[in-house]
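**Q** To start, I am sharing the structure in question, which I have written as C-alpha cells.
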Amino acid sequence: MSAAGAGGGAWAGVIGRLAVARRLLVALDFDGTLAPLVANPADSRPTPEAGAAMARLARIPRVHLALVSGRPAADLALLASPPDGVELVGSHGAERGRVQAGRAVLEPVTLSPARAQRLRAVTDGLTALAGGACGAWVESKPFAAVFHTRPMPDRAAAAELEAQAAALGKRLGGHVLPGKMVVEVSVLPTGKAAALARLRQAADADRLVFAGDDTTDELALRTIQPPDLGIKVGSGPTAAELRLPGPGAVAEFLQALAAAMER
Ligand SMILES: [Mg+2]
C-alpha cells in the first residue's frame, strides 16, 4: 500500500476539520519537513512534491501559507523557493517578511550594541570550542551562532561538545535552542509558538495547521489544540495529534489538504 493509500483514510477526519475554515493558516517548518535533512545546510532543497504542494496551496484564496524556520529568512527564501505571497518567519521568529517577485522582503530588525557584542562573544566562544574537534563547525546568522556536529563521526564526543556549547551560550547570556546535532545560541528572544500566534492574528485565521520535525518545533506543537492540527514529522516524542514519517508524506498530506480546500 502506498503512503497515500495508508494515510488518505486516516487523514480524512483532520482534513475535513481544517477544510471548513473561513481562513486557514498553513505554517510549515522547512528543513526535515519540506526538505530532507542533509549534511550541509546550504544543500537543503524542498522535494519536488513539496514544492508543488506549496505552489498549489498558495493559489487558494482562503489559505494563508507561511514558512517558519530557524534559518535566516533571506536564506529560507533562496533555498525553499516559495511562491510569491508566502509569509516568511526566520531565525526562530526573530525575522518576518514575505516573498515578492521570488525574493524575501523583510521587516527590518536591528541589534542593540549590547546584543551585537553578545553575538560576537558567542560566535567567538563557539568557534574556539569547534576548533578542537574534527567535524564540528559554527554557522553565523544575523542574530545567532549555530554549533553543528553532524559531520562528527564520534557521536558520544559530539553530544559532549553540544552540552558544552549549550552551557557556554547560556553563560554568555544567549537564548539556547538545542536541535538535531545542532545547538543554536540566539541573542534575540525567539520561539515558534509566539511566531504562530502572531501569524494567526495577522492572517485573521480561524484554523491553523503546523508541521515540524525538530525539538524547537515541539514547543509550538505543545500549544496546538483541536480543531487546529499539529503535525510531528519523523520519530521522537511529541504532543502533536498527527505524525508523518518525512517530507514525502508531508507533501502528500498538503496535496490532500489543498484538494479539500479547493472544493
Ligand atoms: Mg526542521
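Coordinate-derived values only; no laboratory data. Please read all numbers here as calculations on a predicted model, not as lab measurements. Because the Cβ atoms are built from the backbone with ideal geometry, glycine has one as well, and the counts that use them run over all protein chains shown.
**Q** Report the local net charge at Leu28: Lys and Arg +1, Asp and Glu -1, summed over other residues whose C-beta lies under 12 Å from its C-beta.
**A** -4
**Q** Name the trypsin sites (Lys or Arg not before Pro) in the stretch 204-260 that are in a loop by DSSP and that have at most 16 other C-beta atoms within 10 Å, would you? Spell out each step's value before the answer.
**A** Numbers: sites: Arg207, Arg222, Lys232, Arg243; in loops: Arg222.
The qualifying sites are Arg222.
**Q** Once the piece of chain linking Trp137 and Ala12 is laid out straight, how much longer is it, given 0.36 nm per residue of separation minus the C-alpha distance between them?
**A** Numbers: separation 125, 0.36 × 125 = 45.00 nm, distance 4.38 nm.
Stretched fully, the Trp137-Ala12 segment lengthens by 40.6 nm.
**Q** Next question, about the same structure. From the P(r) of the chain, can you give the percent of Cα pairs sitting at distances over 26 Å? Mind showing how you got there, number by number?
**A** Numbers: 13708 of 34453 pairs.
Cα-Cα pairs of the chain separated by over 26 Å account for 40 percent.
**Q** Next question, about the same structure. If contacts are Cα pairs under 8 angstrom and at least 6 residues apart, what is the relative contact order of the chain in percent?
**A** Working: 524 pairs, mean separation 62.4, N = 263.
Once divided by the residue count of the chain, the mean separation gives 24 percent.
**Q** Now a separate question. Rounded to the nearest 5, what is the percent of antiparallel bridges among the DSSP beta bridges in the chain?
**A** Numbers: 21 of 42 bridges.
Taking every DSSP beta bridge with both residues in the chain, the antiparallel ones total about 50 percent.
**Q** I've got another one for you. List the lysines whose alpha-carbon lies under 17 Å from that of Lys180, not counting same-chain residues fewer than 8 positions away?
**A** Those lysines meeting the cut-off are Lys192, Lys232.
**Q** When all alpha-carbon pairs of the stretch 113-186 are counted, what percent fall beyond 17 Å? Walk me through the numbers before you get to the answer.
**A** On the way: 853 of 2701 pairs.
The calculated P(r) of the stretch 113-186 puts 32 percent of pairs beyond 17 Å.
**Q** Return the aspartates and glutamates within reach of Lys141: Cα separation strictly under 17 angstrom, same-chain partners fewer than 8 residues apart disregarded; answer none if there are no such residues.
**A** Asp31, Asp43, Asp75, Glu95, Glu107, Asp124, Glu184
**Q** Applying 1/(1 + (r/R0)^6) with R0 = 22 Å to the Cβ-Cβ distance of Leu219 and Ala259, what FRET efficiency is obtained, to the nearest 0.05? Could the numbers behind the result be given before it?
**A** Details: r = 31 Å, r/R0 = 1.40.
Between Leu219 and Ala259 the formula returns 0.10.
**Q** Relative contact order for the stretch 183-263: what is it in percent, counting Cα pairs under 8 Å that are at least 6 residues apart? Provide the component values of the computation, followed by the final result.
**A** On the way: 83 pairs, mean separation 16.4, N = 81.
Dividing the mean separation by the residue count of the stretch 183-263 yields 20 percent.
**Q** Follow-up. Short version: ³J(HN,Hα) in whole Hz for each residue of the stretch 206-216, in order, from phi by Karplus 6.51 cos²θ - 1.76 cosθ + 1.60 (θ = phi - 60°), x for Gly and Pro, what are they?
**A** Going residue by residue, I get 9, 9, 9, 10, 9, 10, x, 10, 9, 5, 5 Hz, with x marking Gly and Pro.
**Q** List, in order, the whole-Hz ³J(HN,Hα) value for each residue of the stretch 28-35 obtained from phi through the Karplus relation with A = 6.51, B = -1.76, C = 1.60 and θ = phi - 60°; use x for Gly and Pro.
**A** Running phi through 6.51 cos²θ - 1.76 cosθ + 1.60 with θ = phi - 60° gives 10, 5, 9, 5, x, 10, 9, 10 Hz.
**Q** Another question, if that's okay. Compute the FRET efficiency between Ala128 and Glu160 as 1/(1 + (r/R0)^6), taking r as their Cβ-Cβ distance and R0 = 25 Å, and round to the nearest 0.05. All intermediate terms of the calculation are to be shown ahead of the outcome.
**A** Details: r = 16 Å, r/R0 = 0.63.
My answer for the efficiency is 0.95.
**Q** In addition: For Ala73, what is the net charge nearby, where nearby means another residue's Cβ is under 11 Å from its Cβ and Lys, Arg count +1, Asp, Glu -1?
**A** Details: positive: Arg71, Arg96, Arg98, Arg103, Lys141; negative: Asp75, Glu87, Glu95, Glu107.
So the surrounding residues net to +1.
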